[in-house]
Amino acid sequence: MSSTFHSNARIAKQSLQAAWQDFCLLFPTTASSVEYLYNMAEAEGPIKCQYCNTEGLTRNIGGRSSYCNRCKRSTWFTSRTLLDHVKNPRAWLATIWLLERGLHISSNGLAQVLGISQSTALNMLKKVKLVISYNMEESAVQLPIGHFEKLICKRSKETPAREHPSAEITVIESQSDDPSGHNDTQQEQGKESNHEQNNQNQNDQAHEQLDENQKMVLSFLSKEPIRADRLPALTGLTMPAVLSAITMLQIAGFSEQLIGDRHIMSDKKPERRLPAISAVLISHLAEAVATLKNTVHGCSAKAMQLYLADYWRTACKSAWTDNALLRACIGAGPITDQEILDYVTPPLVLFVPLQKGRL
């Protein structure tokens, strides 16, 4: 897996360099980039004054601003688009243009070719990926984020302290119950308690799904090891019934077996129970997970939806040809840096199956 990841990274870097050279031939200057953006924006509808909504503005070739003869004010044609108030329109056009080529682009690679900081490149990529996610609804199915737990290997500000990054799933699920939210300090103070409460709720739900024999055996398990052959006398169950109950408790994560046929109550969380999905959809998920592991290695639960949107972009290139992504960005509206910072993948993610078959 690691060698495949690094091999794919080298190929992606080479492809990015080659595509960047092509872009520079087409758009050698900021003025040529701005003119192209203007023509694309105008093709989507007449450019109007942002103050009085008047059409027919005056503009110099290569200029970002147009003059309104009615209210005597200047308007940027990128106003009210994803490119609202951007300082480097050529870098933004390059980012969108390169992504339209179906390339796997890292923030480090993009920063290198554009001559910008890695943090700026990362922010730009996230904003464009968010725009892509806006366009997924017609083709996508909604799935619980837990179906993609194998992808989660990176931490974010949502990750509970001293927990594996996948613990973000329970944080996301608990926060979704309170959409009004609190301020950042309150959220940080409540994150650990919410996480513990969500884990407890999950344990309670799993416990309710145990049958009577399993509950009976579990009631005699503790952190002190106990031999299986002692349980029939304690529970009143037959030995086969005890062994069957122990097996199911181990599968569910409630108990562990030690050397010498001894058993204890487990510290592990019970297995997350997810809604059943079809075999065809399972194959779609497996392909997506494998592809993302080989290209980006993994992600945080916080950013999961952005990665699934980008998977759709790279795997279904036909959906984003002929300036489709640029048109989507022009029509998306502004996205602030704070919105990107605060963005958290919802409990139900959008996923576009790319293989044919009945779901």
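Values in this text are rule-based calculations from the coordinates and carry no lab data. Values in this document were obtained by computation on a predicted structure and should not be read as measured data. Positions of Cβ are backbone-derived with ideal geometry, glycine not excepted, and every protein chain shown enters the neighbour counts.
For this structure, a couple of remarks:
- Assigned charges on the beta-carbon of Lys, Arg, Asp, Glu; the chain dipole about Cα centre (debye): 1320
- Charge tally around Gln112: other residues with Cβ under 15 Å, Lys/Arg +1 each, Asp/Glu -1 each, net +2.
- Computed E for Arg327/Arg162 - FRET, C-beta separation, R0 45 angstrom, nearest 0.05: 0.50
- For Gln14 and Ser65, the FRET efficiency from 1/(1 + (r/R0)^6), where r spans their Cβ atoms and R0 equals 30 Å, is about 0.20.
- Extreme residue, positive dipole direction of the stretch 2-134, given options Ser7, Gln118, Leu93 (C-beta unit charges): Gln118
- A straight line joining the Cα centroids of the stretch 103-150 and the stretch 273-318 runs 13 Å.
- Helix 304-315 and the longest principal axis of the C-alpha atoms of the chain enclose an angle of approximately 60°.
- Virtual paramagnetic centre 7 Å along Cα→Cβ of Asn39, amide N under 18 Å, in the stretch 6-32: 22-32
- Extreme residue, positive dipole direction of the chain, given options Ala328, Leu16, Val289 (C-beta unit charges): Leu16
- Relative contact order (percent, whole number), the chain, Cα cutoff 8 Å, 6+ residue spacing: 25
- Taken along the Cα-to-beta-carbon direction at a fixed 7 Å, the label points for Phe5 and Asp267 span 2.7 nm.
- Summed side-chain charge close to Leu16 - residues other than Leu16 whose Cβ falls under 15 Å, Lys, Arg +1, Asp, Glu -1: +1
- Of the cross-linked pairs Lys13/Lys302; Lys48/Lys87; Lys154/Lys223; Lys13/Lys154; Lys129/Lys157; Lys154/Lys215, those separated by over 30 Å at the C-alpha level are Lys154/Lys223; Lys154/Lys215.
- GNM flexibility winner over the chain from Thr75, Thr291, Thr238 (Cα, springs under 10 Å): Thr238
- Legend: Rg and Dmax of the stretch 216-256, from Cα coordinates, 9.3, 24 Å.
- Around the amide H of Ser66, modelled in the peptide plane, lie the amide H atoms of Thr75, Trp76, Phe77, all under 5 Å away and 5 or more residues distant in sequence or on another chain.
- Eigen-decomposition of the gyration tensor built on the alpha-carbon atoms of the stretch 2-134 gives equivalent ellipsoid semi-axes of 33, 15, 12 angstrom, largest listed first.
- About the Cα centre, charge dipole magnitude for the stretch 47-151 (Lys/Arg +1, Asp/Glu -1 at Cβ), debye: 580
- For the chain, modelled as a GNM whose springs connect Cα atoms under 10 angstrom apart, the maximal fluctuation among Ala332, Ala276, Ala315 occurs at Ala276.
- A Cβ-based charge dipole, computed about the Cα centre of the stretch 210-265 with Lys and Arg at +1 and Asp and Glu at -1, lands at about 120 debye.
- Amide H partners (placed H, <5 Å) of Val349, local residues excluded: Leu143, Ile145
- Rg over Rh [alpha-carbon atoms, Kirkwood Rh] for the stretch 240-359: 1.15
- Only one residue of Val242, Tyr307, Trp76 has its Cα farthest out toward the positive end of the dipole of the chain, where Lys and Arg carry +1 and Asp and Glu -1 on Cβ, and that residue is Trp76.
- Most to least packed among 82-92, 153-163 [average Cβ atoms within 10 Å]: 82-92, 153-163
- Taking label positions 7 Å along the Cα-Cβ direction at both Asp229 and Ala279, the computed distance is 4.3 nm, reported to one decimal.
- With the helix formula -39500 (n - 2.57) applied to DSSP H stretches of n ≥ 4, the chain reaches a computed 222 nm mean residue ellipticity of -15500 deg cm²/dmol.
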